[in-house]
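The values are calculated or read from the model by the stated rules, or taken from the named source; none is laboratory data. All of these numbers come straight from a predicted model, not from anything done at the bench. Ideal geometry is used to build each Cβ from the backbone, glycine not excepted, and the neighbour counts take in all protein chains shown. We work out accessible area using only protein heavy atoms, side chains counted, and drop any ligands, DNA or RNA first. Shrake-Rupley method; radii C 1.70, N 1.55, O 1.52, S 1.80 Å.
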Amino acid sequence: MRDQVSVYTNKLIADRSAHAQGIAIAAQDDVLIAGGAPDLARLAGDVLSRLTCLGMVVACPSLPFADFLVARAPAGESCIVPRDTETRTFLHDIPFLRRSDLGADPAPVIARLLGSRKGVVVEGVGIVASGALTVEQAYINYSSVFHSTFVKYLQDVLHHGFILPGEAEAFAAFRSQWLRPLTDEGLAFRSGPLAERDEILDEIATVGRYTVERGLVDSFFGNISCRAGEVIYISQTAASLDSLAGCIDPVPTDNSSTFGITASSELLAHRRIYEATGAATILHGHPKFAVIMSMECAEEGCAITDCWKECDRVRFLGDTPVVAGEIGAGGLARRVPPAIAGPRKAVVYGHGVFTVGETDFADAFRALVSVENWCRGEYFRRLEERLG
Amino acid sequence: MFGWTGTILNIDLSSRAAWREDLSVELLHAYLGGRGLGVRLMRGFHALDPFDPVMPLIFAVGPLCGTSAPTAARLTVVSRSPLTGTIYDCSAGGRFAWRLKGLGVDALRLSGRSETPVTLVVTAGGVEFVDVPELWGQTVPETVAALSGRGSVAAIGPAGENGVLFANIMMGEGNSVGRGGLGAVMGAKGLKAVVVNGDIPVAVADRERFDRARQDVMRLFRASPVIFGELGIAEYGTPALVDLMRQRRMAPTENFRHTVFEGSANYSGPAIRSAYQAKKDGCYGCPIQCKKSTPRGEHLPEYETVSHFGALNGIASLDVIVKSNTLCNELGMDTISAAATLSAWGEVRGRFPGGEEVQRLLVDTALRRGDGELLSLGSRRAARALGRPELSMEVKGLELPAYDPRGAYGMALAYCTSNRGGCHLRAYPISHEILRKPVATDRFSFSGKARIIAIAEDTNAAIDSLVACKFSFFGATLEEYAELLSAATGTEYTPQSLKEIGRRICLTERFYNCANGFDVKDDCLPARFFAEPGSSGEGVDIPPIDRGRFDEELQKYYRIRGLTPAGTFADPDFLLTQP
């Protein structure tokens, strides 16, 4: 279990979601272990020992957005409610604790909140996330909360501007220092058509890793596939895209076997996209600016209240169509294929981006980068417009 | 009262008396319902012989039964198993649970013994003891057909009447209270059937909150490839696992001598759909509808059944497997134990039964005649009687289901720590070791598994007490079900508080078992799994399980549970510390 502490500490550093000196991870088997920043490690252990869980991550996010959300929240509110699909589906909401709630020993009150939810924001401390069965699960939940608070904060700033002292400066630092140019430069893609099984498995694993390294997905969200003949090779559900070796299911297109029951929840969407496009590869990631911009709808007086599920309009972000549809059997597989057939790319409301490649992953990856870059540019254009 | 009714209906079959009692709010809050409530109500009776007339047979519903909470129209039946000697519970769907709750009761507690075959009919008008000598000896479908006009039926078949140690109680819609032989307990009471027909609605404390939580659950169902995925159980039923187990090389074959059966494609989910034009079927009110049946309503077998009547006995004929399943349902016998007992018996005699021979032996088992007399005792007793105890593939006398423990080490541990014997459903590690839900774990590693198994046992004990279907948790989590429960009852629950309740239930069960002599010696797999490899190939190695590592992890489990190295309780007054 000690190796898990090290593995996920390194992942938090590599994905730049936490300060390298502000990470602690705890795990309990028959004994409890905790490692990392001493104060946080003590807190992680104290919280974990109060819960029926195996793993715990306590880390200071690399961006101050979660704390800003807490500080911006009106008095009396106790949770953040981001509107992205991941939060809506898996987190529901994110409870928070203000500094004034913590007292001398914050562990009991944090444990009480974590008894109901997968992750909480503790003002001045960071994000605390539990993993019921594994340390990896705690890492995933930390990653989800980081993603959700990022999306929520940027949406809030777009709508309401800066409110708190220091926000504008922190945001400027985020823009100039944390954000990096997003490109596909330096990445090598196998030229298609991809036909051999081993070649396909290797290329999927490689491109999956690229999507994580370039920040196009949080490591456990998103999926990737390649069709060769009558087989769709697709990443498994809950698979980390930067670690796909052994986690790719070859699924027959005629459903003559069900061992692909472990395939991504978007298997049906991938199948329908292949049918609609004749493409050879599909990438699906959750790049943050595309998620944010997909929820910026200018429609006024619309009667639809459940935009994620019920909106039947096709909007556009530049030349990329945006459609609604929930995960899996929730409608995404019905709405994306017709929208993606022409432009070879599509965004799902609050969720992420699908792109296709005609023979290999190079086009699909470039399209994913391009959509996110357009959304990033558009976000800042609108923000500057709003801030004057 | 919201969610619960606060009432138990007691029936004494000896005196043919019936009376209602209040259930304390404290008890309901602390044990929820279903398995938890039933286990708590067994306190003081847990050391009785399963066939003692005083032994209770408890049908308990949960606080979500009667609401629109997904997959919660279920009940649990609790008693002591004649097959294993352990405390025993089994969850079942069908209309019966809903109709029982509709009588304004949370539990039905049966005790005593009727001198003559009797059926219990409970309606809003009261309790009726109906003598049914003409139904004794009838199959389950015949019995259900005779009684269904009066309400929802739970009945035993000839197997239960004759004391087959793995006899089921069958629900009228085809669901079964399976595995541990509670059908034989019912038969020993002279009780052929129970019919219930209530329709009192269940009050929900906060309808808006409840509906929101229900939407959250349904969203997660739709996001789950195992539930609503195009290759998932809603489409193909649990036989969707056949191909996966073959691919993972952990399909028990020929009494666990091998782990790959080349004929398994004959009974895969797609094969069954194609051969029988399988249509969706399932428990009352369940959105998943994972059961499958033929167009004329014949229930098609589940994964464990197809695999055990198939690979475990070396049978590749889907027709034989389906007929065997139907026969077990009609006779009221557990398919896993029946098939596993046949397989052990087959290995002892050097030839596995096939084709029509299987069906003849199943009938003989239910009627306890010929070879069936021995087979009716289950694999442990049969193998011992034949001088080959090592060929019985069970834990605590409960035959192992269709997940070879050499292919999933959490499963290996969970079979042994399960309080009802070799069962896959207590900790259900297949969920994470194979199906990757909620996260994937390394199936060939023991690392962390002791804690994972303990947590999962607690979680599932809570689920069994709600009572919800475990398949829901391939998508949803206790977060959403705690919200449903809080909204339904008006009492606040969290995932953490539910797991603490689950822990209380698991430890209570363990305490009962220890009181009946169970300890570390009973928490072990058959020697075959530590000595013989499975069927390696296609890049997957299936070695024997490392006994040293297994024992180490078992001791970790005991420490996590607060038990002694012998797997027992240091505190003899443990029960007195519990509500």
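For A:ARG83, are the conditions met, namely being among the basic types (Lys, Arg) and at pLDDT below 95?
Details: among the basic types (Lys, Arg): yes; at pLDDT below 95: yes.
The answer is yes for A:ARG83.
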*Take the residues of region A:226-252 that are in a loop (DSSP other than H, G, I, E, B) and more than 11 Å from chain B (Cβ to nearest Cβ): which is most open to solvent (accessible area, probe 1.4 Å)?*
A:GLU230
*So, of the residues in region A:210-219 that are in contact (Cβ under 8 Å) with a residue 40 or more places away in the chain and open to solvent by 20 Å² or more (accessible area, probe 1.4 Å), which turns out to be nearest to A:TYR8 (Cα to Cα)?*
A:VAL212
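Take A:LEU158 and decide whether it is at pLDDT 95 or above and more than 14 Å from A:ALA73 (Cα to Cα).
Yes; evaluated as a whole, the condition is true for this residue.
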*Which members of region B:432-477 meet the condition of being without any contact (Cβ under 8 Å) to a residue 40 or more places away in the chain, open to solvent by less than 30 Å² (accessible area, probe 1.4 Å) and among the charged types (D, E, K, R)?*
B:GLU433, B:ARG436
*How many residues does region B:16-41 hold that are surrounded by fewer than 24 Cβ atoms within 10 Å (Cβ to Cβ) and assigned to a loop (DSSP other than H, G, I, E, B)?*
3
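When you go through A:ASP184, A:ASP202, A:ASP198, A:ASP156 one by one, which is the residue that is within 14 Å of chain B (Cβ to nearest Cβ), among the acidic types (Asp, Glu) and surrounded by fewer than 21 Cβ atoms within 10 Å (Cβ to Cβ)?
Details: A:ASP184 fails: within 14 Å of chain B (Cβ to nearest Cβ); A:ASP202 fails: within 14 Å of chain B (Cβ to nearest Cβ); A:ASP156 fails: within 14 Å of chain B (Cβ to nearest Cβ).
When all the criteria are applied, what remains is A:ASP198.
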*Answer yes or no as to whether A:VAL217 is in contact with a strand residue (DSSP E or B) (Cβ under 8 Å, 6 or more places away or on another chain), in the same structural domain as A:ALA362 (by the TED database) and within 30 Å of A:PRO95 (Cβ to Cβ).*
yes
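Limited to region B:91-118, what total is found for residues that are within 19 Å of B:GLU161 (Cα to Cα) and hydrophobic (A, V, I, L, M, F, W, C)? Give the steps one after another, and end with the answer.
Initially, region B:91-118 is screened for residues within 19 Å of B:GLU161 (Cα to Cα), giving B:110-118.
With hydrophobic (A, V, I, L, M, F, W, C) added as a condition, the list becomes B:110, B:118.
Residues flagged as within 19 Å of B:GLU161 (Cα to Cα) and hydrophobic (A, V, I, L, M, F, W, C) within region B:91-118 amount to 2.
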*Number of the condition not met by B:LEU485 [criteria: (1) of a type in the set (A, V, I, L, M, F, W, C); (2) in contact with a Phe, Trp or Tyr (Cβ under 9 Å, 6 or more places away or on another chain); (3) surrounded by fewer than 21 Cβ atoms within 10 Å (Cβ to Cβ); (4) within 14 Å of another protein chain (Cβ to nearest Cβ)]*: (3)
*Checking A:PHE150 against (1) more than 19 Å from the chain's Cα centre (by Cα); (2) surrounded by 13 or more Cβ atoms within 10 Å (Cβ to Cβ), the condition it does not meet*: (1)
_Hits in region A:95-131 (condition: open to solvent by 30 Å² or more (accessible area, probe 1.4 Å), within 23 Å of A:GLN4 (Cα to Cα) and within 13 Å of another protein chain (Cβ to nearest Cβ))_ = A:ARG117, A:LYS118
*Please identify the pairs in which a residue from region B:262-282 that is open to solvent by less than 10 Å² (accessible area, probe 1.4 Å) has its Cβ atom under 7 Å from the Cβ atom of a residue that is among the aromatic types (Phe, Trp, Tyr), counting only partners at least 6 apart or on another chain.*
B:GLY269/B:TYR236
*asked:* So, in region B:151-186, how many residues would count as being farther than 25 Å from B:VAL467 by Cα and open to solvent by 10 Å² or more (accessible area, probe 1.4 Å)?
replied: 4
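Conditions (1) over 17 Å from B:SER497 (Cβ atoms); (2) more than 14 Å from chain A (Cβ to nearest Cβ); (3) modelled with pLDDT of 95 or more; (4) over 20 Å from the mean Cα position of the chain (by Cα), marked per residue:
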site: B:LEU425; (1), (2), (3), (4): yes, yes, yes, no
site: B:ILE430; (1), (2), (3), (4): yes, no, yes, no
site: B:VAL439; (1), (2), (3), (4): yes, no, no, yes
site: B:ARG443; (1), (2), (3), (4): yes, no, yes, yes
site: B:ASP464; (1), (2), (3), (4): no, yes, yes, no
site: B:SER472; (1), (2), (3), (4): yes, yes, yes, no
*Report yes if B:HIS46 is open to solvent by 10 Å² or more (accessible area, probe 1.4 Å) and in a helix (DSSP H, G or I), otherwise no.*
no
*Out of region A:71-94, which residues are under 23 Å from A:GLY161 (Cβ atoms), crowded, with 21+ Cβ neighbours inside 10 Å and aliphatic (A, V, I, L, M)?*
A:ILE80, A:ILE94
*Any idea which of B:GLU115, B:GLU128 is open to solvent by 20 Å² or more (accessible area, probe 1.4 Å), part of a strand (DSSP E or B) and farther than 29 Å from B:CYS286 by Cα?*
B:GLU128
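Yes/no matrix, rows are residues, columns are (1) outside any helix (DSSP H, G or I); (2) within 14 Å of chain B (Cβ to nearest Cβ); (3) closer than 27 Å to B:PRO225 by Cα; (4) open to solvent by 10 Å² or more (accessible area, probe 1.4 Å):
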site	(1), (2), (3), (4)
A:ARG334	no, yes, yes, yes
A:ALA339	no, no, yes, yes
A:PRO343	yes, no, no, yes
A:GLY350	yes, yes, yes, no
A:THR355	yes, no, yes, no
A:ARG366	no, no, no, yes
A:SER370	no, no, no, yes
A:GLY377	no, no, no, yes
*Which residues, counting only those in region B:355-412, are among the small types (Gly, Ala, Ser) and on the phi > 0 side of the Ramachandran plot?*
B:GLY355, B:GLY370, B:GLY378, B:GLY387, B:GLY397
_Pair list, Cβ < 6 Å and 6+ apart or interchain, from region A:246-266 residues that are in contact (Cβ under 8 Å) with a residue 24 or more places away in the chain to residues that are part of a loop (DSSP other than H, G, I, E, B) and among the acidic types (Asp, Glu)_ = A:THR253/A:GLU230
_Every residue from region A:9-39 that is under 28 Å from B:LEU478 (Cα atoms), of a type in the set (A, V, I, L, M, F, W, C) and either open to solvent by less than 30 Å² (accessible area, probe 1.4 Å) or in contact with a helix residue (DSSP H, G or I) (Cβ under 7 Å, 6 or more places away or on another chain) (or both)_ = A:LEU12, A:ILE23, A:ALA24, A:ILE25, A:ALA26, A:ALA27, A:LEU32, A:ILE33, A:ALA34
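Looking at region A:1-82, what helices (runs of 4 or more DSSP H) fall wholly within it and have at least 3 residues that are farther than 22 Å from A:ARG117 by Cβ and within 13 Å of chain B (Cβ to nearest Cβ)? Give the steps one after another, and end with the answer.
Details: elements: A:2-14, A:38-48, A:65-72.
Those helices (runs of 4 or more DSSP H) span A:2-14.
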